[in-house]
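Report on the structure given below.
The values are calculated or read from the model by the stated rules, or taken from the named source; none is laboratory data. All values reported here derive from a predicted model rather than from experimental measurement. A quick note on method: Cβ atoms are made from the backbone with ideal geometry, for glycine too, and the neighbour counts reach across all protein chains shown.
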Amino acid sequence: MKVLLVNGSPNKGGCTYTALCEIASALEKNGVGSEIFHIGTEAVRGCIACGKCRNNSKCVFDDDVCNELAENMEAADGIIIGSPVYYSGPNGALCALLDRVFFSGGMQKFKHKPAAAIVSCRRGGGSAAFDRLNKYFTISQMHVVSSQYWNSVHGHEPEHVLADLEGLQVMRTLGNNMAWLLKCIKAGEAPPEPVEKRVFTSFHDGK
């Protein structure tokens with residue numbers, strides 16, 4: 001079993017990475033492997049709603065890390081997405097990638113896959129950013145893994161994060177819970193198929 005840890009920060013070895021490493025350590029102690037995927041600092045595209053991905057479940061733009069990230073997420077048994085907090089939200093480049101990853105087939109590729117989000121903030125805005133990331137999972141019928149508190153660490157530098165003892169414990173608990181759920185899924189039956197056809201409701205003024 002392997003969990004993909006997505007570093008959604010432009011800083012490869014910064015605060016978000018430090019938090020993900022704490023999770024990786026907890027996973028390893030539970031016999032679960034992990035891999036950190038850094039989205040990097042190259043330019044990424046936003047979704048242009050062209051609909052081309054409906055034909056092959058892949059984003060038509062293949063000049064950034066979007067499709068590579070999607071392939072890695074599909075191959076993993078569990079997913080944890082980490083991001084720094086910018087203006088009370090996740091990194092914009094990360095959201096641009098996730099919009100495309102999930103729209104281009106993610107609702108089927110990731111269905112029933114355990115997932116979690118973590119955020120790193122200097123002081124505030126963590127809850128709003130955390131909520132934003134979780135919406136990708138809850139719209140895709142993924143199993144959201146929780147911890148003992150909202151999944152955040154605090155600090156402006158990695159050494160600050162290492163001093164956030166509660167935040168590090170939250171990361172370890174998350175890793176333990178992810179490992180436990182993966183083992184439960186592996187030992188159990190296949191997830192149930194939907195009993196109802198998917199319903200889409202659009203609200204308009206009737207014109």
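To keep it simple, each residue is scored yes or no on (1) over 16 Å from residue 76 (Cβ atoms); (2) out of contact with any strand residue (DSSP E or B) (no Cβ under 8 Å at 6 or more places or on another chain); (3) not aliphatic (A, V, I, L, M).
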site: 95; (1), (2), (3): yes, no, yes
site: 100; (1), (2), (3): yes, yes, yes
site: 107; (1), (2), (3): yes, yes, no
site: 113; (1), (2), (3): no, no, yes
site: 116; (1), (2), (3): no, no, no
site: 146; (1), (2), (3): yes, no, yes
site: 151; (1), (2), (3): yes, no, yes
site: 165; (1), (2), (3): yes, yes, no
site: 184; (1), (2), (3): yes, yes, yes
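The test for being of a type outside the set (Ser, Thr, Tyr) and closer than 26 Å to residue 158 by Cα does not hold for residue 46. Any residue at all in the range 79-93 that's more than 24 Å from residue 178 (Cβ to Cβ), in a helix (DSSP H, G or I) and either modelled with pLDDT of 95 or more or in contact with a Gly (Cβ under 9 Å, 6 or more places away or on another chain) (or both)? The answer is yes, given that some residue of the range 79-93 is more than 24 Å from residue 178 (Cβ to Cβ), in a helix (DSSP H, G or I) and either modelled with pLDDT of 95 or more or in contact with a Gly (Cβ under 9 Å, 6 or more places away or on another chain) (or both). Tallying residues that are among the β-branched types (Val, Ile, Thr) and in contact with a Ser or Thr (Cβ under 7 Å, 6 or more places away or on another chain) within the range 119-165 yields 4.
Taken together, the residues in the range 46-71 that are surrounded by 14 or more Cβ atoms within 10 Å (Cβ to Cβ) and within 13 Å of residue 94 (Cβ to Cβ) amount to 4.
Residue by residue through the range 1-52, note down the ones that are part of a loop (DSSP other than H, G, I, E, B) and among the charged types (D, E, K, R). Walk me through it before giving the result.
Going through the range 1-52, the residues part of a loop (DSSP other than H, G, I, E, B) turn out to be 1, 8-14, 30-32, 39-52.
If the condition is that a residue be part of a loop (DSSP other than H, G, I, E, B) and among the charged types (D, E, K, R), then 12, 42, 45, 52 are the ones that fit.
Each residue in the range 59-90 was checked for being under 17 Å from residue 36 (Cα atoms) and of a type outside the set (Val, Ile, Thr), and 16 of them qualify. Selection within the range 87-102: residues that are surrounded by fewer than 17 Cβ atoms within 10 Å (Cβ to Cβ) and out of contact with any helix residue (DSSP H, G or I) (no Cβ under 6 Å at 6 or more places or on another chain). The member of this set that is farthest from residue 62 (Cα to Cα) is 87.
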